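S.K.: Supplied in structure tokens, the structure appears directly below.
The values are calculated or read from the model by the stated rules, or taken from the named source; none is laboratory data. Every value quoted in this text rests on a predicted model; they were computed, and no experiment measured them. Cβ: placed from backbone, ideal geometry, glycine included. Neighbour counts: every protein chain shown. Keep in mind that these areas ignore ligands, DNA and RNA; they rest on the heavy atoms of the full protein, side chains included. Shrake-Rupley method; radii C 1.70, N 1.55, O 1.52, S 1.80 Å.
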Amino acid sequence: MTVLKSLLDVTAESYATNRKAQLEALAKLEEQLELAVAGGGERYVRRHRDRGKLPVRERLELLLDPDSPFLELSALAAWGTDFTVGASVLTGIGVVSDVECVVIGHDPTVRGGAMNPYSLRKTLRALEIARVNRLPVVNLVESGGADLPTQADLFVPAGRIFHELTELSSLGIPTLAIVFGNSTAGGAYVPGMCDYAVLVDRQAKVFLGGPPLVKMATGEEADDESLGGAEMHSRVSGLSDYFAVDERDAIRLGRRVLSRINWRKLGPGPTRTPEPPRFDPEEILGIVPPDTKVPFDPREILARTVDGSDFDEYKPLYGTSLVTGWASIHGYPVGVLANHRGVLFSEEAKKASEFILLANQTDVPLVFLQNTTGYMVGTRYEQGGIIKDGAKMINAVTNSTVPHLTVNMASSFGAGNYGMSGRAYDPRLMFAWPGAKLAVMGAPQLAGVMSIVGRASAASQGREFDEEADRTRTAAIESQIERESHAFAVTARLYDDGIVDPRDTRDVLGMSLSAVHSNRVEGRRGFGVFRM
Ligand code: COA
């Protein structure tokens with residue numbers, strides 16, 4: 001009864017055009033992902049291997065359970081900046097000895113694995129994901145510490161890494177450091193604050209100050225091994241719990257630690273039978289138009305995302321610009337809020353608020369599929385109380401305690417970003433499709449607003465308005481906002497947790513749902529459901 005039907009015509013011209021544009025966007029994404037994988041480039045990777053060391057992605061592969069999936073996060077961090085794409089650190093959620101963990105791995109081929117302001121944000125976000133979802137953390141450590149030229153933007157907030165690691169421990173969330181190389185100064189507190197530390201012989205260097213600094217500070221002549229080697233820390237200082245003869249041994253020991261933590265997830269496992277959608281996820285590429293102004297029906301996406309394409313729509317006849325309803329993904333029940341025609345009116349805001357309250361009554365996680373230009377403006381809507389209705393929705397989103405997962409499918413503009421559980425509303429995980437845009441408003445609208453404001457300002461001061469200069473300025477602002485709204489620029493700043501292939505959305509949400517169920521899944525109680 002509630003299985004979705006599809007009206008998609010795969011022979012239509014628009015299908016082919018959309019698909020072509022999406023494949024082009026995915027090819028650009030692939031190019032950038034390759035840069036992240038390449039790390040510091042061939043020369044530094046070769047040098048690293050010549051030293052008998054494994055690149056971070058190979059360390060990761062050996063750490064994870066064979067053939068288990070890995071949900072990489074923030075792969076394009078620092079895109080478009082002077083720093084290497086990926087920001088010299090690899091983060092994600094994977095399975096180690098049957099335990100879903102957050103993995104944080106330094107890439108020592110990028111500036112010695114030194115941490116720049118983007119690596120810091122990426123690391124802190126990974127630690128936050130571990131804390132809110134109750135996921136154990138494995139650190140693959142080999143880093144030159146702070147990126148010294150950018151220390152001013154880094155040093156103070158970087159202290160938070162050790163704070164987070166400590167807090168995880170106090171919350172009973174295990175933390176492990178496997179130290180493959182340099183872990184100096186502040187970095188020494190990573191194994192220092194973790195519950196478990198494994199150090200690799202002749203490679204790990206864990207000290208507050210290396211030989212040159214010690215010489216400068218005290219005049220003492222010391223060497224790396226006696227100051228911070230694996231042998232010394234395993235036999236003398238006791239900082240190391242496990243002495244590893246080489247990298248593979250260290251990973252084996254790390255996996256053994258995880259196998260002994262007696263881990264139990266607090267949320268329920270999947271309660272429904274996972275059933276593939278009845279329509280092919282591949283077709284999503286033909287549904288989403290490259291022009292974000294052209295709407296598409298999110299039910300076509302849901303038909304290719306949720307179990308059995310089964311979607312029990314809530315209030316289908318009311319507030320129709322927002323589609324709400326119940327479904328399951330890989331066996332996990334979810335409530336879905338998906339924008340249809342972009343704009344949120346009062347009805348949509350009230351419908352969303354009620355729906356969020358209902359999900360909280362029944363402890364059902366929420367999935368937000370964003371494609372919104374924000375709340376409706378204009379005299380009629382202001383007089384109709386659009387601010388109050390938008391506030392209801394934002395209030396409901398803020399106070400909802402069931403896990404939120406958010407995907408920006410095409411556009412996320414204005415307060416629609418807030419109401420649809422954007423970054424500032426703490427979705428447990430948040431992703432975007434490669435063609436998606438995010439900004440305070442669309443680039444032409446923003447440039448147009450600035451032009452009108454400039455014209456009014458000139459008039460109020462009795463100045464002549466320079467039309468030519470205005471045209472140049474408007475074009476420059478529009479292209480700046482266009483650049484900043486691009487999915488790569490947004491993810492580069494860590495405003496989401498990564499860009500995903502639209503065809504993988506079901507699996508990405510499934511892995512995310514599995515991860516969030518490591519913690520309790522409990523809705524907010526106390527108010528019941530306000531009928532708006
Ligand atoms: N900040 C900025 N750049 C750094 C850096 C740091 N902390 N550490 C290394 N780099 C750069 C190097 O300048 C070098 O750049 P280049 O290739 O353009 O010349 C590149 O990263 C590789 O460094 P290199 O020393 O050749 O690599 P290595 O593998 O032999 O040694 C380290 C790596 C980390 C052991 C060594 O670079 C080091 O001791 N760095 C300083 C560590 C430190 O004191 N950090 C401060 C902690 S708060």
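Here's the yes/no breakdown for (1) under 29 Å from residue 104 (Cβ atoms); (2) out of contact with any strand residue (DSSP E or B) (no Cβ under 9 Å at 6 or more places or on another chain); (3) at pLDDT 90 or above:
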position	(1), (2), (3)
419	no, no, yes
424	yes, yes, yes
428	yes, no, yes
440	no, no, yes
476	no, yes, yes
483	no, yes, yes
502	yes, no, yes
509	yes, no, yes
519	yes, yes, yes
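S.K.: Being out of contact with any Phe, Trp or Tyr (no Cβ under 9 Å at 6 or more places or on another chain) and crowded, with 24+ Cβ neighbours inside 10 Å is the filter here, so list the residues in region 418-431 that pass it.
M.R.: Those that are out of contact with any Phe, Trp or Tyr (no Cβ under 9 Å at 6 or more places or on another chain) and crowded, with 24+ Cβ neighbours inside 10 Å: 429, 431.
S.K.: If I filter region 444-465 for residues that are open to solvent by 10 Å² or more (accessible area, probe 1.4 Å), in contact with a helix residue (DSSP H, G or I) (Cβ under 8 Å, 6 or more places away or on another chain), modelled with pLDDT of 95 or more and of a type in the set (Asp, Glu), do I get at least one hit?
M.R.: Within region 444-465 (the criterion being open to solvent by 10 Å² or more (accessible area, probe 1.4 Å), in contact with a helix residue (DSSP H, G or I) (Cβ under 8 Å, 6 or more places away or on another chain), modelled with pLDDT of 95 or more and of a type in the set (Asp, Glu)), the answer is no, since none of the residues qualifies.
S.K.: Considering region 421-467 alone, what residues qualify as being among the small types (Gly, Ala, Ser) and under 30 Å from residue 19 (Cβ atoms)?
M.R.: Hits for region 421-467 are 421, 422, 432, 435, 436, 439, 442, 443.
S.K.: In addition: Within region 170-197, which residues are of a type in the set (Ser, Thr, Tyr) and touching a strand residue (DSSP E or B) at 6+ places or on another chain (Cβ under 6 Å)?
M.R.: 175, 183, 196
S.K.: Counting residues that are near the ligand (Cβ under 10 Å from one of its atoms) and touching a helix residue (DSSP H, G or I) at 6+ places or on another chain (Cβ under 7 Å), which strands (runs of 3 or more DSSP E) fully inside region 131-236 reach at least 1?
M.R.: It comes to 137-143, 175-183.
S.K.: Follow-up. Output the qualifying pairs, or none if there are none: Cβ atoms under 8 angstrom, residues six or more apart or on different chains, first residue in region 431-454 and free of Cβ contacts under 8 Å to residues at least 24 places away in the same chain, second residue in a loop (DSSP other than H, G, I, E, B).
M.R.: 449/441; 454/465
S.K.: Looking only at region 1-12, decide whether some residue is away from the ligand (no atom under 16 Å from the Cβ), out of contact with any Cys (no Cβ under 8 Å at 6 or more places or on another chain), modelled with pLDDT under 95 and not assigned by TED's automatic domain parsing to the domain that holds residue 255.
M.R.: Yes; the residues of region 1-12 include at least one that is away from the ligand (no atom under 16 Å from the Cβ), out of contact with any Cys (no Cβ under 8 Å at 6 or more places or on another chain), modelled with pLDDT under 95 and not assigned by TED's automatic domain parsing to the domain that holds residue 255.
S.K.: Another one. Can we say residue 216 is over 35 Å from the mean Cα position of the chain (by Cα) and at pLDDT 95 or above?
M.R.: Spelling it out, it is not the case that residue 216 is over 35 Å from the mean Cα position of the chain (by Cα) and at pLDDT 95 or above.
S.K.: Is it the case that some residue within region 135-146 is free of Cβ contacts under 8 Å to residues at least 40 places away in the same chain and not β-branched (Val, Ile, Thr)?
M.R.: Checked region 135-146: no residue is free of Cβ contacts under 8 Å to residues at least 40 places away in the same chain and not β-branched (Val, Ile, Thr).
S.K.: Can you name every residue in region 514-530 that is surrounded by 13 or more Cβ atoms within 10 Å (Cβ to Cβ) and basic (Lys, Arg)?
M.R.: Selection gives 520, 524.
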